[in-house]
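Here the structure comes first, spelled out in structure tokens, and everything after it is commentary.
The values are calculated or read from the model by the stated rules, or taken from the named source; none is laboratory data. Computed from a predicted structure; not experimentally measured. Every residue, glycine among them, receives a Cβ derived from its backbone with ideal geometry; neighbour counts consider all protein chains shown. Side chains included, ligands, DNA and RNA excluded: accessible areas come from the protein's heavy atoms. Shrake-Rupley method; radii C 1.70, N 1.55, O 1.52, S 1.80 Å.
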Amino acid sequence: MTTNPKYIFVTGGVSSSLGKGIIAASLAKLLQAQGYRATIQKLDPYINIDPGTLNPYEHGECYVTDDGAETDLDLGHYERFLNVPTSQANNVTTGRIYQSVINKERRGEFLGKTVQVIPHITDEIKRRIQILGNSGEYDIVITEIGGTVGDIESLPYIEAVRQLEWDLGEHNTCVIHLTLVPFLSAAGELKTKPTQHSVKTLMESGVQADILVCRTEHKLNDSIKTKLARFCNVKKEAVIESIDASTIYDVPNLMLEEGLDKVVLNQLQLKNVVPDLKRWNEFLDRLNHPKSEVTIGLIGKYVELQDSYKSILESFIHAGAENEVKVNVEPIHSEYLSENNIEFKFGHLDGVLVAPGFGERGIEGKIDAVRFVRENNIPFLGICLGMQMAVIEYARNVLNLKDANSVEMDERTPNPVINLMESQKGVVNKGGTMRLGTWDCNLEKDSIAYKVYNSETITERHRHRFEFNNDYKAQFEDAGMKATGHNPETGLVEIVEIPKNDWFVGVQYHPEYKSTVKNPHPLFVAFVAAALKYKNKRKKK
Ligand code: GLN
């Protein structure tokens, strides 16, 4: 469509957590709905090579791409909104930038030169920004710069943006500055000063914002918009209000009403047509008009944090809309679960999901949860560690191997029903060394999985070191827990089911990473349907 790719930069001012990722994803959605091939990239100014080694308390969920990148959770939003897979190139950190520059230096590629932030680090940032554009796959690349302008660590990124604006020339770039317009209740007024200051900070680095997206709890009236335009050097139509929305999925329509796509395309001298949001709006319609509701317990150890299980929560939103069911997800902390309180905490649940995770904390609660759910025939979905817990529970309480465990929790367990993967033995580095990314899985014909996916082979994303121990497979199968999905090459068990129960599925992979608005994940869709069926059956009793 376009001959050369166009670049949109999204910077943040005044405060963190304003939702740059959602604004970037919403804009990309509007551009995609007008026929443009858009992608989004996130630049993170921290020193970690990737967020894979970060605790969810620090950074929320770690998202995984098809090609096995461990990334910022914003990439999940990009995929959910656009239904286009992201890759290694879509998330770059300062650590990675420095790592490539230092590797080059060691190879002697700068021989004789002093290696410096400018130009070497900024050149590497510019190269990374343009990888997606130069691939020929996209008309528009939206680059979201993490952090807030004025942070010491974002300076090289802002400088790279400044240089790229010059390198690429007029109408090929656009800078969107996301800012906060706070409401001072004592004065009864919205305040523009913080925005003026952050635009000024950006200008000190030589970058002029073209568009302001203003997060606000109250509508921006005409005079506020005029004032912001005048003091921040932007056109009045380029002052975009971003009022708090009840769901992130409303934001594309809100941005459309405000004309964000129009100003962006104008600036880039690209054609602006009416976006085709038919599918998107059908989804919203189903989301907003549920015919029934279910309550699903999410058992994990980071449940107090919204962002820790982001993709799981979003998958329930997609699957709920697909079923026209409102899914209330009830977070339940596995650390405080025991046989004594489980009935009280689970009595009203229509389904239970045991979450992924690492390490020992809270796992006994997860095992107790699986036992209750299995014995009471409550629909169950176990993801990664959740699946492993289902296997351990079955070993202890059905196979009667009371000391069964995962080698992750007890290296010397006499019954390692969950074992370290062969490929992981001898791995010492923690970063980027797990079994990551997409793997094939063959499904057994007579299984829930086969019915749900309606396919013999599926591909799903992984992030783990441990696996079902095939030495115990025959014992499990004889006792009623079946392996219904296998990796075709290694024979690794990827799915377990208990056919005697109505809906009991554990998966070693992460279905939540692949659920999008356009393609809600079939496993979540079927799980929500099973929860609804269970609820209705219970009502009749
Ligand atoms: N800790 C487990 C493993 O490494 C499960 C990982 C996960 O839940 N993502 O195998």
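Key figures for this structure:
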| item | result |
| --- | --- |
| Solvent exposure ordering (accessible area, 1.4 Å, most first) of 361, 230 | 230, 361 |
| In sequence order, calculated HN-Hα J values of region 61-78 (Karplus, 6.51, -1.76, 1.60; Hz; x Gly/Pro) | 5, 9, 8, 10, 8, 3, 8, x, 7, 9, 10, 4, 5, 4, 5, x, 4, 4 |
| Mean projected area in nm² (Cα convex hull; one quarter of hull surface) for region 226-353 | 11.2 |
| Difference of contour (0.36 nm per residue) and Cα-Cα distance, residue 279 to residue 189 | 28.5 nm |
| Given charges at beta-carbon only (K, R positive; D, E negative), |dipole| of the chain in Debye | 860 |
| About the Cα centre, charge dipole magnitude for region 234-302 (Lys/Arg +1, Asp/Glu -1 at Cβ), debye | 220 |
| Euclidean distance between Cα centres, region 335-369 to region 500-537, Å | 18 |
| Charge-dipole axis of the chain as Lys and Arg at +1 and Asp and Glu at -1 on Cβ define it, positive-most pick from 517, 454, 505 | 517 |
| Simple spin-label estimate for residue 456 and residue 127 in nanometres, 7 Å along Cα-Cβ | 4.5 |
| Whole-angstrom gap from region 1-33 to region 135-195, using each part's C-alpha centre | 10 |
| Candidate lysines for bridging to residue 193, where Cα separation is under 18 Å - those fewer than 8 sequence places away on the same chain excluded | 219, 225, 227, 235, 236 |
| Length gained when the stretch residue 338-residue 106 is fully extended (0.36 nm per residue, less Cα-Cα span) | 78.1 nm |
| Ranked order, 439, 503 - accessible area, probe 1.4 Å, largest first | 439, 503 |
| The chain: angle of helix 363-375 to the longest principal axis, Cα-based, in degrees nearest 10 | 60 |
| Between region 430-451 and region 299-328, the alpha-carbon center distance in angstrom | 21 |
| Helix 155-168 axis, angle to the chain major axis (alpha carbon atoms, nearest 10°) | 60 |
| With all protein chains modelled, accessible area of residue 59 [1.4 Å, Å²] | 50 |
| Rounded to the nearest 10 Å², the accessible area of residue 309 at probe 1.4 Å | 10 |
| Charge-dipole axis of region 238-326 as Lys and Arg at +1 and Asp and Glu at -1 on Cβ define it, positive-most pick from 246, 306, 317 | 317 |
| Region 442-541: mean projected area of Cα convex hull, nm² | 7.7 |
| Residues with amide H under 5 Å from that of residue 484, placed H, sequence gap 5 or more | 495, 496, 497 |
| Gyration tensor verdict on the chain (Cα atoms; rounded if a/c is under 1.5, prolate if a/b is larger than b/c, oblate otherwise) | prolate |
| Computed magnitude of the charge dipole of region 388-499 (debye, nearest 20; Cβ of K, R +1, Cβ of D, E -1) | 340 |
| Probe 1.4 Å, protein heavy atoms only - accessible area per residue of the chain in square angstrom | 43 |
| Over 27 Å between alpha carbons, listed pairs 6/200; 366/402; 271/514 | 271/514 |
| Per-residue HN-Hα couplings for region 204-214 [Karplus 6.51, -1.76, 1.60; θ = phi - 60°; Hz; x = Gly/Pro] | 4, 8, x, 10, 9, 5, 8, 9, 10, 9, 10 |
| Nearest-0.05 FRET efficiency for residue 233 and residue 423, computed from C-beta distance (R0 41 Å) | 0.15 |
| Fraction of accessible area attributable to carbon and sulfur, the chain (%, probe 1.4 Å) | 49 |
| Top positive-direction residue, dipole computed over the chain with Cβ charges, set 95, 468, 414 | 95 |
| Selection of GluC sites (Glu not before Pro), region 121-202, meeting DSSP coil and at most 10 other Cβ within 10 Å | 170 |
